[in-house]
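Take a look at the structure below.
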């Protein structure tokens, strides 16, 4: 896993530069929340991480098993309240049997990001 560095943009209210190895992109808040909407919000990235991992894992397993999966679409939404809740809808395209579809749905719950979000999480924070 790559280390990630996030740096503030001193000329913007919320815009951040995110560096993951050689990759660089912006994170920001939506206009409605006072940001510049120049990149995904932190919660957008959290949902994108889960959706990307889900799609990749399902595709990889289908390919290994030689199943006729043509495409995966994962739509995610979240609500914040007393508890944080994520809704994940998975669409599988291709001439799959009902048994194959159910198996791939079960695989979706085994992607590494799903496991990380579902299990105990420890975050250590240090001032350096």
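Read the figures in this text as sums done on the coordinates, not as results from a lab. None of these values were measured; they are calculated from a predicted model. Note that we place each Cβ from the backbone using ideal geometry, even for glycine, and neighbour counts take in every protein chain shown.
Work out, step by step, the length gained on full extension between residue 89 and residue 19: first 0.36 nm times the residue separation, then minus their alpha carbon distance; give nm to one decimal. Don't skip to the end; give the middle numbers.
Details: separation 70, 0.36 × 70 = 25.20 nm, distance 2.93 nm.
Result: 22.3 nm gained on full extension.
When 111, 53 are ordered from fewest to most other Cβ atoms inside 10 Å of their Cβ, what list results?
On the way: 111 23, 53 19.
Fewest-to-most ranking of 111, 53: 53, 111.
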TODO: Considering only 40, 22, 95, give the residue with the highest GNM mean-square fluctuation for the chain, with springs between Cα atoms whenever their separation is below 10 Å.
DONE: 22
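Using helices alone, what [θ] at 222 nm do you get for the chain, with -39,500 (n - 2.57) per DSSP H run of 4 or more residues, divided over all residues and rounded to the nearest 500? Please report the intermediate quantities before stating the final value.
On the way: 3 runs with 42 residues, N = 128.
For the chain, the value works out to -10500 deg cm²/dmol.
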Task: Scattering profile of the chain at q = 0.12, 0.18, 0.21, 0.22 Å⁻¹ [log10 I(q)/I(0), Debye over alpha-carbon scatterers] - done: -0.61, -1.10, -1.26, -1.30
Open item on the list: Using only the alpha-carbon atoms, how far is helix 42-65 inclined from the longest principal axis of the chain? Give it as 0 to 90 degrees, nearest 10.
Closed with: 30
Open item on the list: Springs between alpha-carbon pairs under 10 angstrom, Gaussian network model over the chain: which of 84, 43, 14 fluctuates most?
Closed with: 84
Task: Label-to-label distance, nm, for residues given as residue 1 and residue 33 (7 Å Cα→Cβ offset) - done: 2.2
Open item on the list: Taking 25 °C and 0.890 mPa s as the conditions, I'd like the Stokes-Einstein D for segment 69-128 in µm²/s, using the Kirkwood hydrodynamic radius from alpha carbon pairs.
Closed with: 174
TODO: Calculate the length of the line joining the C-alpha centroid of segment 1-48 to that of segment 82-106, in whole Å.
DONE: 29
Task: Neighbour-count order for 123, 107, 86, fewest beta carbons within 10 angstrom listed first - done: 123, 86, 107
